[in-house]
Each structure stands twice: as structure tokens, then as C-alpha cells.
Amino acid sequence: MNSILKVEGLTKHFPGNKHSLFGKRDVVQAVDGISFEVAKGEAIGLVGESGCGKSTTGRLTTRLLEPTAGTIQFDGNDITHLSNAQMRPIRADLQIIFQDPYASLNPRHTVGTIVASPFRIGGVEPEGGTKKRVQELLEIVGLNPEHYNRYPHEFSGGQRQRIGIARALALRPKLIVADEPVSALDVSIQAQVINLLKDLQKQFDIAFIFIAHDLAVVRHFAQRVAVMYLGNIVEIADRDTLYSNPKHPYTKALLSAVPEVDPDAVGSRERIRLTGDVPNPINPPSGCRFRTRCWKAQDICASSAPALLQIGTSQVACHFPE
Amino acid sequence: MSKFLEVNNLSISFPTEDGVVKAVDNMSFSLEKGKTLGIVGESGSGKSVTSLAILGLHKGSTAEVSGEILIDGQDINAMAENDVRLLRGKVMSMIFQDALAALHPYYTVGNQIAEAYLVHNKVSKSEAKKRAIEMLDRVGIPEPQKRVDDYPHQFSGGMRQRAMIAMALSCNPSLLIADEPTTALDVTVQAQIIDLLRDLQKEFNTAIILITHDLGVVSETADDILLMYAGKAIEYGTVRDVLQKPQHPYGWGLLTSIPRLTGDPEKSLAAIPGTPPSLISVPSGCAFHPRCSYVKQVGTACSSSIPDLLPVSAGAHHLVRCHLDTAAREEIFRSQVAPKL
Amino acid sequence: MFNYLVRRILSGGVVLGIVSAIVFGIFYILPADPARLSCGKTCSEELILKIRHTLELDQTLPVQYGRYVKGIFVGRTYLKGSPAELKCSAPCLGYSFQTNQPVTQLLKDRLPATASIAFGASILWLLIGLSSGIISALRRGTWVDKLSQGVALGAASLQIYFVGLVLQFIFVNKLAWLPTPGYSSPLHYPLDWAKQMALPWITLAFLLSAIYSRLTRAGMIEIMGEDYVRTARAKGLGNRTIQFKHVLRGAITPIVTVFGLDLGGLLGGAVITEYVFNIPGLGKLSTDAVSNLDLPVITGTVIFSAFFIIVANILVDLLYAALDPKVRIQ
């Protein structure tokens, strides 16, 4: 595979609370030894519930966070421990879009300044001048180029997300990490932004890591999907296999929990109801982390953690895959 | 026969610096015991404001509420605050989207449930606590006699919402309003809460008003759907009517634009152009007309006059607020909408 | 929780150590020569040398500081072995240049007056501040609110030396309702004590209750917008219960914090109040010491007030934990 990003054994442990004066500090195992690859121009989806580590993974791969262990190779270079200064030239190719279009744009900067910031930071002078290029970018993401001098508060949520996308596109990146890019938007706006991202991905051949909790949204964007649970990847497969033939019990449960819009289909689907909530990542269950909520769990699940193994066209980490 | 809940011509407006904002305009709907009404709309559509009015929670604020809200024949809107207060929690109660914010951080979960029970029942504190434990057990909290003394922050997100439900149902109300009860939860927990609400409804024959923006959630829980846009009801009917044979272009847009687990994922989603209007400057005529693809077929009426909420066909219970005539709507639905569903 | 307390006390000790080192350092580095200051008007070079030796000023600064700290914990002895040997038992903070009394004794003598002002005034300002704040919040926008907040704004912008003197002029000089402020022991003369303290209490409470009123009002109005207050209404609770059990309980935490710090600060010496009313408290002691460059007394009072502020901080944190289960359970 001609990969743009290769992650191996990636781990991030955050320091937690201390319980006694000389005791050990808790460790939040946000991401615990995950490996995956993203091919050039490929859109991969990263799904999971809160606390599964999907956003942390996004921040690690863009090196907004320092990994605790593991390696990250981007476009053939090891970027695992590069300093901010060393990362700067690489950021042109590696961009991130955030969930909250209100918090991620500086309210005191004009749209023009915001979208042009990658040029300024990278010290790049685009052909035909910054202003012309920014206006092109605004047009590409479906905004009026004449709104160059307006401020973020003058735009709606969906439009602000478009500004964030224009900024990410400015330097023609090879990989964009989109962290829940539509979950803060109204339903009728989500489709606009998904369509836009999808068009851009195809038009400019950009690889995407699309992080979301909504399985249906990911299905409309990603060619391959990785499912995360409590800091581990439990299943990776191409889209059609994952959605039609999930092999990990968690993937199955997750799919069956998505509410069905068609009233006639509501009763017809298999219903799997997980009990309880996601356990605390400070003290995850031994062995397979999903076993406390899994209806297939046996003794072995508590004693040994299943490795991510190839089964058919899927990779699954389960002792008893479907 | 009169229904358990009847809302007639409800309008709610707020005075603001930019003038009077009509958050809800002339809404009418009804609900029987044991049934669920889903009120669906995007942010600013007026769905939450409506639900607060049913509990009489706008009393004492600057909001102006007109129309009738009849619960068992009593008009909430005409009653004095103190009389409505005696019904809150007892006859009608409410759960909210963000259970962490909706529970008092400084009191135990048990204290807050017992408090709800104590207001309306002449019992001792220990009996109220027993009731709290019983309710926590009923909503599926493990070890309720231990967890009853926990504070809200010691509960997980799903458990907090269960505790809210326990509190709301502690006095066996006939009407439960659930305002986006699962929006802040993970999908697997959302599914648990939906199941729980459904079970409790069967057990206690509660009428539920479910407020949500999620068509999947209403489809799984509701009997009727009321679709709101910019403060107005634009479509009202059974779940099957509204989700399978939607009549309003906004409903078409919503249904074809949401990503689903079925259908061709490579086809781009049929997005609704533009953005929901702000209530401070609602478009003239039909509020949806600037985003509607079918204005051309009607002409100037869309931008000049507000369509009425009328039965789809004579005598039908499926109502829609649109200038397109029935034949045109059916033709559009058959040729353009249905293939995308 | 216990661990937390131990950690706070240890770190409080460290802060106190740093404060004392800095104060000690500043005063002994000053160009003013303590020996000359302590020597008085009839002074000779010979005498200065002798005093310098008595005060151990001929030692290096770290040694001096070390002995000073040792004196606080175990006491110290000046001029060991000589006939003029002077034992200063712990906690020893040295001797005043002015009066030759032990600084510890001075602090002990002055503390009751300061404590009387601080506790009396704080009860008064809590009563007035909280109740007017609560009433304002509940009657927001009415004339009661506007009046009370107008008065509070005005009061908050006044100064003790202005209000104090005006009140004294009216109540003592013109109307003669109150005696000239001062200090009598509450154990022996409770009535005199209360009468003499009345003006300082009223003056301090007048200014501080304005701040507490505004704080209470703002806190309650903020809490009234919280989701959990809406939940309380949705449960059918009565207004009283909502306002006191839910709203006030939610708003009280920041007020307690500010109160603890204010009280701690005041116990270290209500400097301006004591100066204005000429009350023999710690504040008066330190202002007098500063004007006389009485270095041991200055150092002593600074360390003493730092001690109160640190203790108040620890108490506030403990109270915080008592009030907020989220803090307590972590």
C-alpha cells in the first residue's frame, strides 16, 4: 500500500489525579497501542463512543499532542517526536478541522486573515498573491469571495465550518484530519458539509481521517472504517464489509443501536442492547476491554487481550469474532 | 371526546431589544395517555419553548403566552402560578438534554428524587428516600441503595439521565416531556434510554412529548410527529404519514439529506440549501421559501402569504402547511423524493 | 482529604518561610542601620558597636536569619554567657527598638483589639450584605433592587478614612451617641467594648457589605439561569425552597471564599480602620512601627499577617471541600 500515514503502536497516557501524598498518579489510557495506515487519497473513518480515544488519535497524528509511545510516519518521514519548529514545514501537508466552528476561529480576525494564516505561518507566497488565492479558496468551499473582510460572527455555524475547511485547504495538504466536523451543526446543514468534504477529497485527491461518533455519517464519507473502543482499535474493514458484515461484537452492537428512520424497518432489525456504560479509561478491564459489556465474553477474554488479526477482508481484535 | 392533552392556538413571544420575537406561532396539537408525540425541528424552531409552556414555566418571565393548554380539561395557561406548581412533577414532568447541568451539583441524587416525591406526597423523609431507591432500581441503576447517596458527578452520563427519569416519574405523572433526552449520550446508551422510556410508558400509561432533532429517535419512539420550522407547525401526522409520505418540502429535504445505514453511500446527500432563519428576521410568507426548491411551481404566494396548516386530503389527520396543491406534492414526492429515500 | 490537608499545611509553611526570608532580607539590607536606630538620640560609636554585637548584627545575614527562625520555633538567647544574657522564649520575634518589649508580647497585646474589629464587623457585613443581595436578586429590576444596588455602588466607592471620620464627627462629636472609639477588654467591660467598637464595625461593614451585596446578587442571578433551577421548578417546588435550597446554596461558595480571605486579611491588621479610629490593634502597631523604622516589629507583624492569610486560605479550601462534593470526593 502506498501510504501517506502509518501509525504503529501509538499510545497516549494522560496524567490523572493523585490519591495519596506519595502514591502513584492515575494514568488515563486514552489511546493504547493502536496501528493503522492511511493510503494516499484515501478517506478512512474513525468511529467510537465518547472516551474511545478517537479525538486523541486525531490530535496525535497531527502532532498537536506528544505520543507516549509508538511511531507515526507521515509521507515517509518519522514525525513521532518532532518539535514544533520541525513540524512547521510538514504542517503544510497535514491539516486538521475541528468540531466546534465557534471556538476554532479567532473572533478578532477577518475571514481573509484566518484563511491566509497557513501562508503566513508557512512563509509561503501563493501564485497571484495571497488575497487572490484566499478568494479562490472561499469560492471552492462555497462562500462568497467578497466576504473576505467579514468576521466569523457574521457567519452561521455551517458557514464557519466552511471557513475552517478553506483554511485547512490553503496549502493543498496531503492529509486532513476532520474531528467531528459536522456534529455541532443543524441536521439540515450537516449534509452540505459532508458533500463539500467529499467533493474536495475527490477533486484534490486528499487523504482524510474522518473522526465521528455517527456511524451513518462515516458511511457516507469513508472508504475504510476503523472502530475504536476504550483506546483500542477493535475492527478495521472496508466500508461495505464493516457495515454489512461486522465481525466484532462491539461493531455489531454499535450498528444495531443507530435509530432507524424508516418506521417499517424499526421492528425488523436485529436489536442488540449493551448493558452499562463505557468503563473508565483510568482503570480499563483486563484482557479484552469490551468484555464487561459483551454477551459473548468467556474466561479467556478476561485473561488475554485479543490481537488485531486478519479475518477475511477485515482486521478484528476479538476472541470470538462473528 | 376530549384528549388528555390539548393545545389550541398556542403562541409565545418574547420582547427583545430588536423587537418582539415570535418563538411559537399558533400551534395546535393533542395527545392521549400512553401515546408519544415527537416534536421535531432544528435549533430555534420553537420546540423547547413550546414544551416549557406546557409546564407553565414561562409564568413569571417576560414571555407572552396566548392560547389554551388543556391538561385533563384544565387550562394551564389560564391558571395561577401557584396552582400550576402543584401540578408540576405530579401531573406533568420533564427531563432535559444535559442531565449533568439539570441536576443540582451539591445535593445527592437520592435527595433530589426524594425532594420531588416529598413536594406532592405527605410522607416522611425516610419514606421518600425509600421511594428514591425504588425509582432508581426501576430505571436500572445497579445497587440503588448505595448509589442513592452519590452526587450527580459520580454517575456516568447514561446513569444521570436514568436518575432524571426516576425523578420525573417519582410521582407517576400522566405526561412526561422529554427535551432531547438522548442527544448528549452515546449511541449504545441512547438505545438503552429509548428502551427504558418505552417500557416505562407501557407500565405507567404515560403520555410522552419527545422533543428532538433526530428523525431516527422519533421514528423509534413516537406515534405522531409534529414538524416545526421557524416557530410554526409545518406538518403534523402519524409517524408513518410524516416519515414515509412526507408532504412538506422541508420534510422531504430532511429525509433525503440525512445519512443512513442503507442506500448507496457513494451518492451525494440531497442537502437543503441555506440555513435555518433567525427568529428575529423570519422570511415573509412561508418561512421556508428561501430554501425551497419548488417555489417556482407556486409563484409569488410563497413569499407573500403564509400558507395554512391544512389536511392533506379532505378529512385526513395528516396536516401540512404548504402552497403546493395536493396533486403537485404527490407528483413531486413520487418522481423526485421517493427515489432518494 | 487528609493527604490534601497535610499537603496544604506543608506548602503553607513553605510560603511562610519564603515571606519571612524576603521581609527579613529587605529590612536588613536597607541602608538604615538598625544599631543606630535602636541606639536613640544620645549615641556614641562605642555604643553602636556594643548594640551591634547585642543584636548579633555582626553576624552574616544567613546566620542572622537562621537564628531568627530558630528563635520562632525554640526561642533564643542573646549575649550568651555574658552577665547581660537575655533569654527570649519561643516564639521569639526579637525586641522592639522603640520600647525594648518582646515583639511576641506586643503582638499578643494588640491581637484582641484587631480580632474584635474583624469578627464584629464581619458578622455585621455578612448580615447586611447577604440579605440585601438576596433581596435585590429576588426583586431584580424593582425599585428595591435599584436602591440597594445604588447604595452598594456608592458605598463601595467610598474610603474608610472618609466615611470613618464623617461618622465619627456625626455620632461622637455632634450627637454624642457614642464614645470616642478605642478598645476595652470585652471580658471586663463588655458594654464599653461594644460602644467603643461600634463605629469601626459600622464603618468597615458599610463598605464591605456593599461588595458582598453585589457579589450575592450577581451569584444568585447567575444560578437562577442554571438548568438545575429549571429542574427544581419543573418538580413543582415552591419559590422559597427554590430560592434558598437551590439558588442560594449554589451561589454561596464564591461568597465563602471571598469572606475567608477578607477575614484572614483583617485579622492581620485592619490597618486603615485602626489608624483612623486610633485603636491599639495590630494594624496600628505596624503603622507605628513603620513610621519609627522599628524593624523587628515590622518583620513580626508582616509574618504574623502572612500567617493569618495562609491559615485563612487553608480554611477556605477546607470549607470549599465541605460545600462542594465534587472537590470533597476527589
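Since every read-out is calculated from the coordinates, none of them should be taken as a lab result. Everything numeric in this text was worked out from a predicted model, so none of it was measured. Cβ sites come from the backbone with ideal geometry, for glycine too, and all protein chains shown count toward neighbours.
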Quiz item: Where does helix C:295-323 land angle-wise versus the long Cα axis of chain C, in degrees 0 to 90, nearest 10?
Solution: 30
Practice problem: Decide, for segment B:295-339, between rounded, prolate and oblate: order the square roots of the alpha carbon gyration tensor eigenvalues as a ≥ b ≥ c, take rounded if a/c falls under 1.5, and otherwise choose prolate if a/b is larger than b/c, else oblate. | Solution: oblate
Self-check item: Most fluctuating residue given options B:Asn121, B:Asn82, B:Asn172, as computed from a GNM of chain B linking Cα atoms under 10 Å
Solution: B:Asn82
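Under the definition of partner shielding as Cβ atoms of other protein chains within 10 Å of a residue Cβ, what is the mean value for peptide A:261-270?
Per residue, the number of nearby Cβ atoms from other chains is 5 on average.
What pairs from B:Lys22/B:Lys90; A:Lys54/B:Lys340; A:Lys6/A:Lys54 go past 27 Å between their alpha carbons?
Among B:Lys22/B:Lys90; A:Lys54/B:Lys340; A:Lys6/A:Lys54, the Cα-Cα distance tops 27 Å for B:Lys22/B:Lys90; A:Lys54/B:Lys340.
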Exercise. Could you estimate the translational diffusion coefficient of chain B from the Stokes-Einstein equation, with Rh from the Kirkwood formula over C-alpha pairs, at 10 °C and 1.306 mPa s, in whole µm²/s?
Key: 75
Quiz item: With no solvent and one point on each alpha carbon, what is the Debye value of log10 I(q)/I(0) for segment B:178-300 at q = 0.18 Å⁻¹?
Solution: -1.12
Quiz item: What is the mean projected area of the alpha carbon convex hull for segment A:209-322, to one decimal in square nanometres?
Solution: 7.6
Quiz item: Once the Cα atoms of helix A:130-140 and of chain A are each reduced to a long axis, what angle between those two axes, in degrees from 0 to 90 to the nearest 10, is obtained?
Solution: 50
Quiz item: Over segment C:106-161, what number does the Rg to Rh ratio reach, with both radii from the alpha-carbon atoms and Rh per Kirkwood?
Solution: 1.19
Exercise. Compute the Cα gyration tensor for segment A:73-225, then decide on rounded, prolate or oblate, letting a ≥ b ≥ c be the square roots of its eigenvalues: rounded whenever a/c is under 1.5, prolate when a/b is larger than b/c in the other cases, and oblate in all that remain.
Key: oblate
Practice problem: Over the whole of B:182-188, what's the average partner chain Cβ count within 10 Å per residue? Rounded to a whole number, please. | Solution: 6
Exercise. Would you mind checking which residues have amide H under 5 Å from A:Ile96's amide H? H placed 1.01 Å from N; only 5 or more apart, or other chain.
Key: A:Val177
Exercise. Pop out the ³J(HN,Hα) list for segment C:100-105 in order, Karplus 6.51 cos²θ - 1.76 cosθ + 1.60 with θ = phi - 60°, rounded to Hz; leave Gly and Pro as x.
Key: 6, 7, x, 4, 4, 5
Exercise. Determine the shape class of segment B:242-341: with a ≥ b ≥ c the square roots of the Cα gyration tensor eigenvalues, call it rounded for a/c under 1.5, and otherwise prolate if a/b is greater than b/c, oblate otherwise.
Key: oblate
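Can you flag which of B:Lys47/B:Lys267; B:Lys3/B:Lys59; A:Lys247/B:Lys202; C:Lys146/C:Lys235; A:Lys131/A:Lys202 are past 30 Å Cα-Cα?
Where the Cα-Cα span goes over 30 Å, the pairs concerned are B:Lys47/B:Lys267; A:Lys247/B:Lys202; C:Lys146/C:Lys235.
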Quiz item: Using a simple spin-label model with points 7 Å from Cα along the Cα→Cβ vector, what separation in nm is obtained for A:Phe14 and A:Asn106?
Solution: 2.6
Quiz item: Taking only pairs that are 8 or more places apart or on different chains, how many Lys pairs in segment C:1-144 have Cα atoms under 27 angstrom apart?
Solution: 10
Quiz item: What lysines sit close enough to C:Lys326 to cross-link, taking a C-alpha to C-alpha distance under 16 Å and skipping anything fewer than 8 places away on the same chain?
Solution: A:Lys18
Practice problem: Please average, across the residues of C:91-101, the number of beta carbons from any other chain that are within 10 Å of each residue's own beta carbon, and give a whole number. | Solution: 0
Practice problem: Work out the P(r) tail for the protein assembly as shown: percent of alpha carbon pairs separated by more than 58 Å, whole number. | Solution: 28
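State the extension gain, in nm to one decimal, for the chain segment bounded by C:Arg328 and C:Asn100, taking 0.36 nm per residue of separation less the distance between their alpha-carbons.
Contour length minus the Cα-Cα distance gives 77.3 nm.
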Quiz item: What is the Cα centroid distance between segment B:269-302 and segment B:136-207, reported in whole angstrom?
Solution: 38
Quiz item: Cα centroid distance between segment C:57-105 and segment A:211-281, in Å?
Solution: 76
Quiz item: For segment C:203-330, what is the per residue volume of the convex hull drawn over the alpha-carbon atoms, in cubic angstrom?
Solution: 116
Quiz item: With no solvent and one point per C-alpha, what does the Debye sum give as log10 I(q)/I(0) for segment B:1-155 at q = 0.18 Å⁻¹?
Solution: -1.16
